[in-house]
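A short worksheet on the structure shown next.
Laboratory data are not the source of any read-out in this text; all were calculated from the coordinates shown. All values derive from a computational prediction rather than experimental measurement. Every residue, glycine as well, gets a Cβ built from its backbone with ideal geometry; the counts of neighbours run over all protein chains shown.
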């Protein structure tokens, strides 16, 4: 049976006895409570900083490919050799090679398996056969798997 709303619960002996019970209880001192709050705050901030750091490093990976040399060979078949260096932090996979706006669909070979250049490494891309002309200017464009484009102007030798 519920108690009527006007009934108040007080311990035996009234309010004075209740106050004595409250005074006899021990609590944390303000200094200890402050130290605990600071420790919890520092622990949470370290966890958040570690999480944000890991998140930042995954987004900070950059594809940086530098074409360092373009050579024109006139051996048995004419070919173009493109030397690249990956100066970024993530591996770069070359999906397409273009010469003067024309996509090279056959005869493109890579010195690295799958056309992937690891960070701080180099690779040679050979387009063979390619009928280049003496003294002509060529615009080389490489497209990565992420869609980044790397261009380089080159001139064929005069012979």
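Points to keep in mind about this one:
- Gain on full stretching of the segment that runs from residue 44 to residue 121 - 0.36 nm per residue minus C-alpha separation: 23.8 nm
- Legend: calculated FRET efficiency, residue 95 to residue 133, from the Cβ-Cβ distance at R0 = 35 Å, rounded to 0.05, equals 0.85.
- Computed from the C-beta positions of residue 113 and residue 78, the FRET efficiency with R₀ = 30 Å rounds to 0.70.
- Projected area averaged over orientations for the range 65-155, convex hull of C-alpha atoms, nm²: 5.4 nm²
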